[in-house]
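Let me give you the structure first, and then I'll get to my questions.
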Amino acid sequence: MLCRIVYVWENWELFAGGWNELSLWMLLRGCLRFDTSAIFYTNALYLIIALIPFTIRTKQWWNILSRIIYGIINSIAVIANLSDAVYSQFTGRRTTASFFSEFAGDDNLGTIIFTEIGRHWYLVLIGSILIASLWLFYKSEKNETKKTLRTFTYWIPLLVSIPVTLIAMRGGIINTYRPLSLADAAQYVNRPSETAIVLNTPFSVIRTIGKTAFIDPKYFNDTELTLIYNPEHYPVTDSLPSLDNKKNVVIIILESFGREYTGFFNKDLEDGKYKGYTPFIDSLLSVSLTWQQTFANGRRSIDAMPAILSSIPMFIEPFFMTGYSLNRITSLAGLLKDEGYNSAFFHGANNGSMGFENYALAAGFDQYLGRNEYNNDKRFGGNNDFDGTWAIWDEPFLQFYATKMSEMEEPFATAVFTASSHHPFVIPEQYKDIYPEEELVMHKCIRYSDNALRKFFATASQQPWFKNTIFVITNDHTNISNHDIYKTPQGLYRGLLFIYDPSGKLPRGVRPGIASQIDIMPTLLGLLGYDRPFVAFGQNLLETPADSMWTINYNGGIYQFMQGDTLIQFDGNQISNCYDIHSDPYMKHSLPHHPKKMELKLKAIIQQYMKRMSEDRLTL
């Protein structure tokens, strides 16, 4: 509970907006329920050792062993909770078991950890006090002689502890038909992000180890399901443009670029005085096609790639961090390969980092070009351009990107994932006076990456392939914010998505409606005149009426589904909240009723996702 208080304090901006609406009594009930479960999960081995019904239990060395096991296990739990107080600032949720596969290919975690220890020294101090207390206040069992020992009395505590432990792990005995899960935290709070208050990190990790993430909820039979929602797209060929003039496709995924950082979309902030931190992106938006509301579908980088390049949202866990990673998948690169396109994915981090290389190759990209390829190209600075933690700085790597595309045979489809606008929030030395610290540590990084993008377009615009290229600029997820409108459950996903056509043939301006990452692939395929059927959970934004556009995301056991001005939250069994975003943008007042059609469509999307994942039907 002390770790939780520190967690909430450290992440106060995430919870402050809805704190007054929370019931402290419900919070306490939920916290105790999840904490009790976690304590018994983590201390099960200790209980066996401490309560073993044999005389060995009275030996001094056995008591020392018990104390060591107790201290180590609970110290790890304290460290996990306090570490998550920092990591959750970037994910918006408690860490699960997928964390270990997510960062399995990275060798820079040590640098990150030591950097954060320096920045959050007070958490280290608090953790040290808590861990010292675990050891200092441990009370060892007094030694007993064999004469006073009665073996049968030793069996009683052990036999009592077995049902108590099982009940505690399951989360209780009353109305508990299944073991406690992460989704159960939603019943104690009002918003998906607030489930992190009720949960604790050891529970979140333990309950997601080896779990089957995707189970068909069976809301509908097959006929009903297909009628309500079907992710299979069958283009009407006579309404499509011709593929004779095959446009190149360039997708730029900007690390952590939330919509908040732009001036273009925020002219009403700060009484009209807000200018934003992206002057180049603002200028590009003025000559591009975008939509009134644009969203990311996830909160982590590994959520973004499948959404953007395969039109697959993140539900429960990133699917390519689960056992379904070997599923055949539809992807933009894979589909365009059959149309004669060459493809490549670029990311300036170590090859294999974040699982990006594995996904890119599984998605049908012909090449993956990362830090290794950059270092091997003698025209560039190699390791001198490494940021010391994650990747090659954005400015030189985007120049490398432009150069390598000029060496590719057209038509090509490429994507690049930038890296500099990210923790630990540093920029190259030569820019520190140009982009000083501002309100948030992120702002200088945003300015640097925006300028790097400007220089990329300056180079690209001189290339022969430029005017025959469609550019899509989006972000992977949002990051830290300083305006309340971007801290709501909806605001946490408000990102960038716009299409720039240098030839000027594509319409420009801000269109009404909702656009999200999963719409990118079907929209591009429509623009390119792709005439074969394919699977995509998103929609073609150029053919969908504004009032039919929707977006979906998942966080903390809760699905959020928005269509028009209405947003509903769903825990897998029932609608928990419904909001009118137009009249209630800060999501303060849940409506008593919700549109039944939206609920049916949301359930159908979830069921199609789960069935197709488990049956390996993500392709046609």
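Whether any residue in region 599-610 is modelled with pLDDT of 95 or more, over 19 Å from L335 (Cβ atoms), basic (K, R) and under 25 Å from the mean Cα position of the chain (by Cα) is what I want to check.
Scanning region 599-610 turns up at least one residue that is modelled with pLDDT of 95 or more, over 19 Å from L335 (Cβ atoms), basic (K, R) and under 25 Å from the mean Cα position of the chain (by Cα).
May I ask you to list the residues in region 278-293 that are farther than 23 Å from L542 by Cβ and touching a residue at least 60 places away in the same chain (Cβ under 8 Å)?
Keep residues of region 278-293 that are farther than 23 Å from L542 by Cβ, which gives 278-280, 282-283.
Matches in region 278-293: T278, P279, F280.
Going through I215, I173 one at a time, which residue ends up being modelled with pLDDT under 85 and open to solvent by 40 Å² or more (accessible area, probe 1.4 Å)?
Only one candidate qualifies: I173.
For region 360-371, state whether one or more residues are open to solvent by 10 Å² or more (accessible area, probe 1.4 Å), more than 20 Å from I252 (Cβ to Cβ) and in contact with a Ser or Thr (Cβ under 8 Å, 6 or more places away or on another chain).
Scanning region 360-371, I find at least one residue that is open to solvent by 10 Å² or more (accessible area, probe 1.4 Å), more than 20 Å from I252 (Cβ to Cβ) and in contact with a Ser or Thr (Cβ under 8 Å, 6 or more places away or on another chain), so the answer is yes.
Right, another one. Among the residues in region 476-488, are any farther than 30 Å from M587 by Cβ, open to solvent by 10 Å² or more (accessible area, probe 1.4 Å), out of contact with any Gly (no Cβ under 6 Å at 6 or more places or on another chain) and of a type in the set (S, T, N, Q)?
no
Suppose we filter region 74-98 for residues that are surrounded by 19 or more Cβ atoms within 10 Å (Cβ to Cβ) and under 14 Å from L45 (Cβ atoms); how many remain?
2
Same structure again: If Y448 satisfies every condition in (1) of a type outside the set (S, T, N, Q); (2) assigned to a loop (DSSP other than H, G, I, E, B); (3) touching a Pro at 6+ places or on another chain (Cβ under 9 Å) but one, which is the exception?
(2)
Tell me, which residue of region 540-585 that is of a type in the set (V, I, T) and open to solvent by 10 Å² or more (accessible area, probe 1.4 Å) is farthest from L269 (Cα to Cα)? Spell out the reasoning first.
Taking region 540-585 as the starting set, the residues that turn out to be of a type in the set (V, I, T) are 544, 551-552, 558, 566, 568, 575, 581.
So of that shortlist, the ones also open to solvent by 10 Å² or more (accessible area, probe 1.4 Å) come out as 544, 566, 575, 581.
Numbers: T544: 30, T566: 23, I575: 32, I581: 17 Å.
Of everything passing the filter in region 540-585, I575 is farthest from L269 (Cα to Cα).
Would you mind telling me which numbered condition in (1) part of a helix (DSSP H, G or I); (2) more than 25 Å from M587 (Cβ to Cβ) P53 fails?
Here P53 clears every test but (1).
Quick check on S343: is it in contact with a strand residue (DSSP E or B) (Cβ under 8 Å, 6 or more places away or on another chain) and modelled with pLDDT of 95 or more? I'd like the intermediate steps shown before the answer.
Numbers: in contact with a strand residue (DSSP E or B) (Cβ under 8 Å, 6 or more places away or on another chain): yes; modelled with pLDDT of 95 or more: yes.
For S343, the condition - in contact with a strand residue (DSSP E or B) (Cβ under 8 Å, 6 or more places away or on another chain) and modelled with pLDDT of 95 or more - is met.
Starting from region 592-613, keep only residues that are over 21 Å from I215 (Cα atoms), then list their pairs with residues that are among the aromatic types (F, W, Y) and crowded, with 18+ Cβ neighbours inside 10 Å whose Cβ atoms are within a distance under 9 Å, requiring at least 6 positions of separation or different chains.
M598/W550; M598/F561
Something else about it: Residues in region 568-620 that are under 19 Å from S193 (Cβ atoms) and among the acidic types (D, E): how many?
2
Quickly run through region 430-461 and pick out the residues that are without any contact (Cβ under 8 Å) to a residue 24 or more places away in the chain and of a type in the set (D, E).
Selection gives D433, E437.
Quick one: which of G334, G298, G340 is closer than 26 Å to P231 by Cα, open to solvent by less than 40 Å² (accessible area, probe 1.4 Å) and either hydroxyl-bearing (S, T, Y) or not in a helix (DSSP H, G or I) (or both)? Walk me through how you get there before you give the answer.
Working: G334 fails: either hydroxyl-bearing (S, T, Y) or not in a helix (DSSP H, G or I) (or both); G340 fails: open to solvent by less than 40 Å² (accessible area, probe 1.4 Å).
Of the residues listed, the single one that is closer than 26 Å to P231 by Cα, open to solvent by less than 40 Å² (accessible area, probe 1.4 Å) and either hydroxyl-bearing (S, T, Y) or not in a helix (DSSP H, G or I) (or both) is G298.
Another question, if that's okay. So L528 clears everything in (1) aliphatic (A, V, I, L, M); (2) modelled with pLDDT of 95 or more; (3) touching a Lys or Arg at 6+ places or on another chain (Cβ under 8 Å) except one condition, right? Which one?
For L528, the failing item is (2).
Given the conditions (1) among the aliphatic types (A, V, I, L, M); (2) open to solvent by less than 30 Å² (accessible area, probe 1.4 Å); (3) modelled with pLDDT of 95 or more, which single one is not true for L506?
Unmet for L506, out of (1) among the aliphatic types (A, V, I, L, M); (2) open to solvent by less than 30 Å² (accessible area, probe 1.4 Å); (3) modelled with pLDDT of 95 or more: (3).
Which of (1) open to solvent by less than 40 Å² (accessible area, probe 1.4 Å); (2) among the charged types (D, E, K, R); (3) in contact (Cβ under 8 Å) with a residue 24 or more places away in the chain does K588 not meet, given it meets every other one?
If we test K588 against (1) open to solvent by less than 40 Å² (accessible area, probe 1.4 Å); (2) among the charged types (D, E, K, R); (3) in contact (Cβ under 8 Å) with a residue 24 or more places away in the chain, just (1) comes out false.
Keeping to region 1-50, report how many residues are surrounded by fewer than 18 Cβ atoms within 10 Å (Cβ to Cβ) and acidic (D, E).
Final tally of qualifying residues: 2.
Suppose the filter is modelled with pLDDT of 85 or more, of a type in the set (F, W, Y) and open to solvent by less than 40 Å² (accessible area, probe 1.4 Å); does Y122 pass it? Break it down stepwise before answering.
Numbers: modelled with pLDDT of 85 or more: yes; of a type in the set (F, W, Y): yes; open to solvent by less than 40 Å² (accessible area, probe 1.4 Å): no.
No, not satisfied.
Could you list all residues from region 605-620 that are assigned to a helix (DSSP H, G or I), touching a helix residue (DSSP H, G or I) at 6+ places or on another chain (Cβ under 8 Å) and farther than 24 Å from Q563 by Cβ?
S614
The values are calculated or read from the model by the stated rules, or taken from the named source; none is laboratory data. Keep in mind the model is a prediction, meaning the values are calculated, not measured. Cβ atoms come from the backbone with ideal geometry, glycine included; neighbour counts cover every protein chain shown. Surface areas here come from the heavy atoms of the whole protein model, side chains and all, with no ligands, DNA or RNA. Shrake-Rupley method; radii C 1.70, N 1.55, O 1.52, S 1.80 Å.
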